[in-house]
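The values are calculated or read from the model by the stated rules, or taken from the named source; none is laboratory data. Please read these numbers as outputs of a predicted model, since none were measured by experiment. Glycine also receives a Cβ, built like all others from the backbone with ideal geometry; neighbour counts cover every protein chain displayed.
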Amino acid sequence: MSRSPARSTLEDTSLAVADGRALIACHNVARTFGSGPNAVVAVHGVTCQVLPDTRVALTGPSGSGKSTLLHLMAGLEQPTSGVMSWPALGGHPLGEPGRIGVIFQGPSLLPALDVAENVALPLLLGDTPEGEAAERAQAALDLLAIGDLARSLPEQLSGGQAQRVAVARALAARPSLILADEPTGQLDHQAASLVVDVLLQASAELGAALVVSTHDRLVAERLPNQWTMRDGAMTSGSDRA
Amino acid sequence: MIGIWLGGLLRRRPARLGAAAIGIAIAVALLASLGSFLAHSKATMTDRAVRGVAVDWQVQVQPGTDPAAVDRLVQATAGVQASAAVGFAQTTGLSATTGGSTQATGPGVVLGLPSSYQQLFPTEIRVLTGAGTGVLLAQQTAANLHAAPGDVVNIGRAGQAPVRVTVVGVVDLPQADSLFQKVGAPVGAQRTAPPDNVLLLPQAQWHTTFDALARSRPDLISTQIHVLRSHQLPQDPSAAYTAVTAAAHNLEARSSGGAVVGDNLGAALGAARQDAAYAQVLFLFLGLPGAILAGLLTAIIASAGATRRRAEQALLRARGAAASQLIRLAAVEALIIGVVGAVVGLAVAALVGRLAFGTARFGTSTASASAWAGIAAAIGLAIAGAAVLVPARRDLRQSTVASGRATVGVLRYPSWARYGLDAILLIVAGLVFSATSRNGYQLVLAPEGVPTISVSYWAFAGPALLWIGAGLLAWRLSDLLLGRGRRVIAWVLRPLTKRMSGSVASGMSRQRRPLVRAIVLLALAISFAASTAIFNSTYRQQAEADAQLTNGADVTVTPAPGTTVQPTAAQQLSGVSGVKAVEPIQHRFAYIGTDLQDLYGVRPTSITNATALQNAYFHGGTAAGLMHTLATKPDSILVSAETVKDYQLGVGDLLKLRLIDAVTHQPRMVAFHYVGVVSEFPTAPKDSFFVANAGYVAQQTGSDAVGAFLVDTGGQHSAAVAQRIQHLLGSAATVSSIGTVRKSVGSSLTAVDLAGLTRVELSFALVLAAAAGGLVFALGLSERRRTFAIARALGAKPRHLRGMIFGEAGVLTVGGLVSGAVIGWVLSQMLVKVLTGVFDPPPSVIAVPWLYLGAVLGITVVALAGVSAAATRAARGPAISVLREL
Ligand SMILES: Nc1ncnc2c1ncn2[C@@H]1O[C@H](COP(=O)(O)OP(=O)(O)OP(=O)(O)O)[C@@H](O)[C@H]1O
Ligand SMILES: [Mg+2]
């Protein structure tokens, strides 16, 4: 389905950038944290693009830069060098709630809001009327089989439940791109498989591109494509397309 | 382990540690500054009391005792620097023939003074004309005799021929009351009027004139040893009083009844110690709440990290740390906060001392300086301990490893709220208040001649309980509003937060406790600032009224003694530029039984043209009502409460007074009817006096001679107008303007001026209000950096962040200011009532310092808005790093 999503050559990249359908285009992107001898190069030399039909698993050992790349793609981090662009999204996505649904690796629910309010938050930030936001939030929760947790507070949830709420929150806004960072990290096989089902189904229904970073082979294999990262660089991708 | 922990603490929580240290610093600085105010004002009071006394002791030599022996005893008394024997002789009368006519006076007193007298006691005798040594006539007597320097005066002697002396000078005896006091008179006896006629002779001449009389009529002759004491006294008026009176008693005891001490110095110090006690009460009333507030601030700041600290504790315990280790860690944290806060606080206090009193020391002596610094620092450390250690211990006892994670949870009502402590405190405050009001708000009791002074600290409980109770009630109401009333909050926030208002309101509601605490703290700080400021400005208003009362009006013109001036002279004064109105007021003396009192004759329909009459000066009617009565029933009279009590008067009772008839110079009975009580009146003394209708007094005594003219300048350029009038009248009158009087009148408490205290207090109140609002709010927001970061990562725009942050700031501002204003207003009312004794005269209306209150409001709003703006900016920063951090 996906076409040459990642290749480290300039020609291909210029071709990709020219592709107006690309949701995300990364051109020779690098991200370094800190400076001097303590500098950590989290991501470097990554060139890739995410098209509307991209469904890809991002794999790689711990510390290889998966989360950092996803944050770059979501516009939450600035590249230290290289160019990030979002041609089909009409510019930088930050401040455009709901265009990209991000599922964070760590806990990311607002502790003072209950589950339903957390899920409805991106909708409200995007100016969806309250009634509609509440309905869509409940629907997203039901989809992930946690509808009965709607009135619970985050601190009352298990790690896995919280992770599913985060998934629901990313989906409720009907994004055109889903970036999921270890969405199944704290889930058993059954629950993990449900989450992957939901993500794939949602991406099909919404026509949304899907990037899932994961350690879990079972999860990775359920996605049609795999990109692999090692020491901040993308080592494989296109050849599996 | 402690080292690692500390390093981490300092690296990761510098803001919270710093803020907590600021809280401690405020408490320490406030206490040390106020301590320095207290010590400073006490020393000033002692100083003033000592300086106001002309002759420290008048030791009356008892009949049959050798004056020289008593003088030797006096000289041998500790603290005595110099002494002078003064002879007192009663004369049957003085006469003089000047300008072809002979004038004679009634009985009088002839004093015999040693040549060193004026040098030793320079303020006792003021030379008006002529030479300063030799035969001197008192001003009133010179007027009565129409005598001037160079004239010959005959001194009448009982049973002997008169003696002729030549006058060389005329003098004023400004301290005649104490000079001619009846030494050894029982405490509380009616004052005796000084003699009408006084002549001063050099000591040798006095002896040749009266030594023979002393043998035939020893009852007419007496000797006093006037004593100058060392003024190296303890700085505290109370201690100085004790020292001086003890020395006096000691002298009396050693004289075996041969000497009685008229202790002028002791009396002055006795009055000063009462003022000192009031200063102490003020210190408590105004200083303690500030320190408590600063303590609360520290506690709230320290607890701002409670959620995280609990989580850390749970983690450490899960890893096997012992409870005692955790407590030790908390103790180290408290120690750091306490020490840093105390050091900063003392430095600030030194600075404040420098600005307010020109000295950096916290007291006036080194000992009291270190004492105050020590006390303030110790309290600072105690606050730090209480704010950090107590919650840490409570957490350890209550929380298990699991519940340490809970942050939002189900909010439990604190037990004080379940038992209705707020209501109980408010009720008790009301009861205490009504009990003290029945007591006539007598806060300080300093009975004359008794070394101990009693201060009713009990009355303090009323305002204190009110303040605490109202604070708790504000907690309950805010908690209710933010909890149950979250829909209301959402509705109010709607314009600011749009679609987010529901979520913002429920988030605020679930995490409302820190917000509620901030609201209560702000309310307490605002009410503290408001009530202190209102008290202070009411105090100033009354001090101004006191100056008005003492001077009588903006400018007061008193004709020279011995001259008779008609009311028509007012026209001359009206012509002076700047004069708005002139009102003559009569001043006579009237005997009621054997008591002599001042009597003021006023024109009731026009008196208020030139001076202000407050309703508080009168009982039994308003100022206007009683003046109306005086006008319509001219034989009406206003009497002091003491006289009403002594003579069991009822309204309408006939009151017969003896006034001097202008024609016969003899007293004659004048009938009045008692219509009301007067406690204060322009130009009148602080003790008993009468106020009557001037027309009636003139008609009954055959004289409409004016005692003083009250001149209204509209409050403008009084000093210049006074100067113009003085220029016009020359030496025919004394002219005083309110400005000069303002500096000299009042108790020493007015003199200390409260200015230092006011400045210190009001600036601390401002700082506290700003800190209570800004600092606490800022910490609360920084605790929730993560929330804002997530919202930002989810796509919140700056306007969303602004809405969330400013919405909360708005709730805090409105809640804190409204409750603060209400509490402050009620508290001011109570404070002014409870501290009635401090006011002279008591206020009939409270003065509200709008400018200062506006400044408090402004600073609070600016602080909160500033914090909100900074927080909004910070929240727009990179979200991911914040998310990774926590
Ligand atoms: N904000 C940051 N500051 C400093 N270093 C960072 C930061 N974010 C990431 N790093 C470093 O960048 C590298 C890549 O981190 P990243 O979180 O992207 O890895 P990851 O592949 O997601 O690992 P994991 O599978 O464990 O989640 C790591 O060495 C990490 O320590
Ligand atoms: Mg990761």
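Which is on the phi > 0 side of the Ramachandran plot and out of contact with any His (no Cβ under 6 Å at 6 or more places or on another chain), of A:ALA145, A:ALA137? Even if it seems obvious, please write down each step before you answer.
Numbers: A:ALA137 fails: on the phi > 0 side of the Ramachandran plot.
Going through A:ALA145, A:ALA137 in turn, the sole match is A:ALA145.
Just the residues that are within 13 Å of ligand 1 (Cβ to nearest atom), part of a loop (DSSP other than H, G, I, E, B) and under 17 Å from the mean Cα position of the chain (by Cα), please, taken from region A:29-61.
Matches in region A:29-61: A:GLY60 only.
Can you tell me which of (1) within 14 Å of the chain's Cα centre (by Cα); (2) within 16 Å of ligand 1 (Cβ to nearest atom); (3) modelled with pLDDT under 90; (4) among the aliphatic types (A, V, I, L, M) is the one A:ALA173 doesn't meet?
Here A:ALA173 clears every test but (2).
Would you call B:SER782 at pLDDT below 85 and either touching a strand residue (DSSP E or B) at 6+ places or on another chain (Cβ under 7 Å) or in a strand (DSSP E or B) (or both)?
No; evaluated as a whole, the condition is false for this residue.
Can you say whether B:ALA789 is out of contact with any Pro (no Cβ under 7 Å at 6 or more places or on another chain) and at the interface with chain A (Cβ under 8 Å from one of its Cβ atoms), as far as the supplied structure shows? Don't jump to the end; show me each part of the working.
On the way: out of contact with any Pro (no Cβ under 7 Å at 6 or more places or on another chain): yes; at the interface with chain A (Cβ under 8 Å from one of its Cβ atoms): no.
Considered against the rule, which asks whether it is out of contact with any Pro (no Cβ under 7 Å at 6 or more places or on another chain) and at the interface with chain A (Cβ under 8 Å from one of its Cβ atoms), B:ALA789 comes out as no.
When you scan region A:67-86, do you find a residue that is more than 16 Å from ligand 1 (Cβ to nearest atom), in a loop (DSSP other than H, G, I, E, B) and surrounded by fewer than 24 Cβ atoms within 10 Å (Cβ to Cβ), even just one?
yes
Taking helices (runs of 4 or more DSSP H) that fall entirely within region B:450-544, which contain at least 3 residues that are buried (at least 19 other Cβ atoms within 10 Å of the Cβ) and within 14 Å of chain A (Cβ to nearest Cβ)? Before you say what the answer is, go through the steps one by one.
Details: elements: B:461-483, B:486-497, B:501-510.
Qualifying helices (runs of 4 or more DSSP H): B:486-497, B:501-510.
Which pairs do you get when a residue that is within 14 Å of chain B (Cβ to nearest Cβ), found in region A:23-46, comes within reach of a residue that is within 16 Å of ligand 2 (Cβ to nearest atom) and of a type in the set (Phe, Trp, Tyr), reach meaning Cβ atoms under 9 angstrom, with the pair 6+ apart or on two chains?
Hits for this filter: A:VAL40/A:PHE33; A:ALA42/A:PHE33.
Does A:LEU194 fit the bill of being within 14 Å of chain B (Cβ to nearest Cβ) and either within 16 Å of ligand 1 (Cβ to nearest atom) or assigned to a helix (DSSP H, G or I) (or both)? Before you say what the answer is, go through the steps one by one.
Values: within 14 Å of chain B (Cβ to nearest Cβ): no; either within 16 Å of ligand 1 (Cβ to nearest atom) or assigned to a helix (DSSP H, G or I) (or both): yes.
So A:LEU194 fails the test.
Quick check: anything in region B:614-621 in contact with a His (Cβ under 9 Å, 6 or more places away or on another chain) and surrounded by fewer than 16 Cβ atoms within 10 Å (Cβ to Cβ)? Walk me through it before giving the result.
As a first pass, look at region B:614-621 and keep what is in contact with a His (Cβ under 9 Å, 6 or more places away or on another chain): B:621.
Subset that is surrounded by fewer than 16 Cβ atoms within 10 Å (Cβ to Cβ): none.
Looking through region B:614-621, none of the residues is in contact with a His (Cβ under 9 Å, 6 or more places away or on another chain) and surrounded by fewer than 16 Cβ atoms within 10 Å (Cβ to Cβ).
Having 1 or more residues that are farther than 30 Å from B:SER95 by Cβ and outside the structural domain of B:LEU779 (by TED's automatic domain parsing) is the bar; report the helices (runs of 4 or more DSSP H) wholly within region B:196-298 that clear it.
The qualifying helices (runs of 4 or more DSSP H) are B:237-254, B:264-282.
Quick one: which of A:GLY106, A:GLY147, A:GLY91 is free of Cβ contacts under 8 Å to residues at least 12 places away in the same chain, within 16 Å of ligand 2 (Cβ to nearest atom) and out of contact with any Gly (no Cβ under 7 Å at 6 or more places or on another chain)?
Values: A:GLY147 fails: within 16 Å of ligand 2 (Cβ to nearest atom); A:GLY91 fails: within 16 Å of ligand 2 (Cβ to nearest atom).
Checking each option against the conditions leaves just A:GLY106.
Within region A:202-221, how many residues turn out to be touching a residue at least 40 places away in the same chain (Cβ under 8 Å) and touching a helix residue (DSSP H, G or I) at 6+ places or on another chain (Cβ under 8 Å)?
Of the residues in region A:202-221, 9 are touching a residue at least 40 places away in the same chain (Cβ under 8 Å) and touching a helix residue (DSSP H, G or I) at 6+ places or on another chain (Cβ under 8 Å).
Given the condition without any contact (Cβ under 8 Å) to a residue 24 or more places away in the chain and either in the same structural domain as B:ILE859 (by TED's automatic domain parsing) or of a type outside the set (S, T, N, Q) (or both), answer yes or no: does some residue in region B:769-779 qualify?
No, region B:769-779 has no match at all.
Does region A:61-88 hold any residues that are at the interface with chain B (Cβ under 9 Å from one of its Cβ atoms) and more than 16 Å from ligand 2 (Cβ to nearest atom), and which are they?
A:GLN78 - this is the single residue of region A:61-88 that is at the interface with chain B (Cβ under 9 Å from one of its Cβ atoms) and more than 16 Å from ligand 2 (Cβ to nearest atom).
For region A:87-109, what are the residues that are away from ligand 1 (no atom under 16 Å from the Cβ) and either in a loop (DSSP other than H, G, I, E, B) or over 17 Å from A:ALA209 (Cβ atoms) (or both)?
To start, the set of residues in region A:87-109 that are away from ligand 1 (no atom under 16 Å from the Cβ) comprises A:87-101, A:109.
If the condition is that a residue be away from ligand 1 (no atom under 16 Å from the Cβ) and either in a loop (DSSP other than H, G, I, E, B) or over 17 Å from A:ALA209 (Cβ atoms) (or both), then A:GLY90, A:GLY91, A:HIS92, A:PRO93, A:LEU94, A:GLY95, A:GLU96, A:PRO97, A:GLY98, A:ARG99, A:LEU109 are the ones that fit.
Quick check, is B:GLY815 modelled with pLDDT of 90 or more, crowded, with 22+ Cβ neighbours inside 10 Å and more than 20 Å from B:ILE24 (Cβ to Cβ)?
On the way: modelled with pLDDT of 90 or more: yes; crowded, with 22+ Cβ neighbours inside 10 Å: yes; more than 20 Å from B:ILE24 (Cβ to Cβ): yes.
So B:GLY815 fits the description; yes.
Filter region B:672-725 down to residues that are of a type in the set (S, T, N, Q), over 33 Å from the mean Cα position of the chain (by Cα) and farther than 21 Å from B:ASN609 by Cβ and give me whichever is surrounded by the most Cβ atoms within 10 Å (Cβ to Cβ). Please lay out each step first, then the result.
First, the residues of region B:672-725 that are of a type in the set (S, T, N, Q): B:679, B:683, B:688, B:693, B:699-701, B:703, B:713, B:716, B:718, B:723.
Filter once more, so that each one left must be over 33 Å from the mean Cα position of the chain (by Cα): B:693, B:699-701, B:703.
Subset that is farther than 21 Å from B:ASN609 by Cβ: B:699-701, B:703.
On the way: B:GLN699: 14, B:GLN700: 20, B:THR701: 22, B:SER703: 18.
Here the answer is B:THR701.
Mind checking which residues of region A:36-60 are within 16 Å of ligand 2 (Cβ to nearest atom) and in contact with a helix residue (DSSP H, G or I) (Cβ under 7 Å, 6 or more places away or on another chain)?
A:ALA42, A:VAL43, A:VAL46, A:ALA57, A:LEU58, A:THR59, A:GLY60
How many residues, within region A:96-149, are in contact with a strand residue (DSSP E or B) (Cβ under 9 Å, 6 or more places away or on another chain) and facing chain B (nearest Cβ under 9 Å)?
Of all residues in region A:96-149, those in contact with a strand residue (DSSP E or B) (Cβ under 9 Å, 6 or more places away or on another chain) come to A:99-106, A:108, A:122.
If we keep only those that are facing chain B (nearest Cβ under 9 Å) as well, we get A:99-100, A:102, A:104, A:106, A:108, A:122.
Residues meeting the conditions: 7.
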